[in-house]
1. For Leu171, indicate whether it is within 18 Å of Ala67 (Cα to Cα), in contact with a helix residue (DSSP H, G or I) (Cβ under 6 Å, 6 or more places away or on another chain) and buried (at least 19 other Cβ atoms within 10 Å of the Cβ).
2. I'm checking my understanding of the structure. Among residues of the range 116-131 that are of a type in the set (S, T, N, Q) and closer than 19 Å to Gly91 by Cβ, which one is farthest from the chain's Cα centre (by Cα)?
3. Open to solvent by 30 Å² or more (accessible area, probe 1.4 Å), farther than 30 Å from Asn44 by Cβ and either in contact (Cβ under 8 Å) with a residue 40 or more places away in the chain or over 13 Å from the mean Cα position of the chain (by Cα) (or both): which single residue out of Ile88, Ile113 fits that description?
4. Pick from Asn44, Asn107: which is of a type outside the set (Asp, Glu), surrounded by 19 or more Cβ atoms within 10 Å (Cβ to Cβ) and more than 19 Å from the chain's Cα centre (by Cα)?
5. So, in the range 138-159, how many residues would count as being in a helix (DSSP H, G or I) and loosely packed, with under 15 Cβ neighbours inside 10 Å?
6. Can you name every residue in the range 116-132 that is free of Cβ contacts under 8 Å to residues at least 12 places away in the same chain and either on the phi > 0 side of the Ramachandran plot or touching a Phe, Trp or Tyr at 6+ places or on another chain (Cβ under 9 Å) (or both)?
7. Within the range 116-134, count every residue that is among the hydrophobic types (A, V, I, L, M, F, W, C) and buried (at least 19 other Cβ atoms within 10 Å of the Cβ).
8. Could you please give the count of residues in the range 182-209 that are open to solvent by less than 40 Å² (accessible area, probe 1.4 Å) and either part of a helix (DSSP H, G or I) or of a type in the set (S, T, N, Q) (or both)?
Amino acid sequence: MALGLGVRAAPFTYAAHALAVAAAAMVLVWAIQFRGGLAIEATNKNLIFNVHPVLMLIGYIIIGGEAIMVYRVLPTTNHDTTKLIHLILHGIALVLGAVGIYFAFKNHNESGIANLYSLHSWIGIGTITLYGIQWIIGFVTFFFPGAAPNVKKGVLPWHILFGLFVYILALANAELGFLEKLTFLESSGLDKYGTEAFLVNFTALVVVLFGASVVVAAIAPVRLEEPQGYAPIPEN
């Protein structure tokens, strides 16, 4: 689906790639340098929680965004190949997102913290569920066993729109997650104007810009079509 935005997708895919690298680096610096590192098992349960934002951002948001943009990033690649890459990347994002949620539950359970009490957690469970449904429907309709051509044609616009809706919901929930965690930290004594607070806020801003670039890249055309009846101005 490409809308008449008057801009090509390519610049936004370049911007998204750069912002993805920046966001990934920033969340890793936050988790490792400021929050003490990552751990699957630890007596310090905060290290277990740190896996959550890292996997949700890098695995869920960034890889999911790359999956959405793949048709714009590889416009000349064989369609079946691009479709397979799209499917695989979304599958990886879905799995890493589910694992990231598991580590949030693991941290809460081992720390004696209640689960599913916040808007962030409610939207998070809803979003990963919708993401999974979207992936399954896409797999069955477009990959295997595959629907009839006329069914694919009818489903495709809804697949794109629903996919973008779920992705935007995931982005919004990531922002809620940053806000919730930073609020908890600041209520526990973290300097509101300190380096870590600024890092978290700037990471959240970079994620917003990344998400916006992904969405615009997804709906912008690969190349601009000349308007009907258009004729270039002659040089002489």
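1. yes
2. Thr129
3. Values: Ile113 fails: farther than 30 Å from Asn44 by Cβ.
Answer to the check: Ile88.
4. After ruling out the rest, the residue left standing is Asn107.
5. Summing the residues that are in a helix (DSSP H, G or I) and loosely packed, with under 15 Cβ neighbours inside 10 Å in the range 138-159 gives 11.
6. Leu116
7. 1
8. Count: 10.
The values are calculated or read from the model by the stated rules, or taken from the named source; none is laboratory data. Only a predicted model underlies this, so the values are computations on that prediction, with no experimental measurement involved. Positions of Cβ are generated from backbone atoms using ideal geometry, with glycine treated the same way; all protein chains shown enter the neighbour counts. Each accessible area value is taken on the protein alone, full model and side chains, heavy atoms only, with ligands, DNA and RNA left out. Shrake-Rupley method; radii C 1.70, N 1.55, O 1.52, S 1.80 Å.
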